[in-house]
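Bear in mind that the values in this text are calculations on the coordinates, not laboratory data. Keep in mind it's a predicted model, so treat the numbers as computed, not measured. Note: ideal-geometry Cβ built from the backbone for every residue, glycine included; neighbour counts use all protein chains shown.
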Amino acid sequence: MTTHPLRESAPVVEKTSWTEVTVKTLILDPRSESPVVFLESLDETLVLPIWIGIFEATAIVLALEKHTLPRPMTHDLLASVIRALGTPLKCVRIHSMRDGTFFGALEFQRDRNLFHVDSRPSDAIAAAVRLKVPIFVRTDLCESSETIEEFFRDIRDEQYRQLLEKVDPKAVSKYVM
């Protein structure tokens with residue numbers, strides 16, 4: 001099978017370890033007030049949180065919940081164009097991270113040739129959910145990320161620390177135990 005990268009950032013599929021993931025959940029990070037999509041491996045051993053924009057989060061949620069709007073949103077349009085062109089989307093891949101930013105690609109297959117189109121992971125995920133294709137993450141990206149439980153524990157620890165910083169030690173010492 002021949003790979004034809006359409007962009008420099010296209011993944012090297014043959015020599016890389018990939019983990020198939022699904023969208024586990026989307027939350028609003030209380031620290032940054034940004035949406036976070038949690039991708040989880042099919043065996044539930046690896047998790048990858050990716051901070052995304054509010055519009056992309058909305059697009060993913062609409063697709064996951066199978067909501068249809070009277071007019072197509074951008075990701076609906078993308079899915080319609082892919083279907084109309086007749087070159088099916090094989091999968092999406094989140095293949096790298098540079099300077100805290102994840103990079104992804106849409107992977108198309110025509111005959112025995114693979115084609116990769118550079119994509120933000122959030123857009124790729126929105127397309128994958130609409131077109132019901134697998135999402136793959138380079139395994140080492142998941143291995144270095146925190147679990148959902150660790151993510152929430154860090155938030156709780158930060159909130160607790162902020163609460164303690166507001167406490168006046170003199171006021172606490174008034175109470176005898």
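Near P134, once Lys and Arg are set to +1 and Asp and Glu to -1 for all other residues with Cβ below 10 Å from its Cβ, the sum equals +1.
Projected label points at L28 and N113, each 7 Å from Cα along the beta carbon direction, are separated by 4.6 nanometres. Extension gain for the segment V61 to T101, taken as residue separation times 0.36 nm less the Cα-Cα distance, is 12.2 nm to one decimal. At a temperature of 25 °C and a viscosity of 0.890 mPa s, determine how fast the range 2-144 diffuses translationally according to Stokes-Einstein, using the Kirkwood radius over alpha-carbon pairs as Rh; express D in µm²/s, rounded to the nearest whole number. Rounded to a whole number, D works out at 159 µm²/s.
Listed values for the range 84-91 are Karplus-derived 3J(HN,Hα) couplings in whole Hz (6.51 cos²θ - 1.76 cosθ + 1.60, θ = phi - 60°), namely 5, 6, x, 10, x, 6, 7, 5, and x replaces Gly and Pro.
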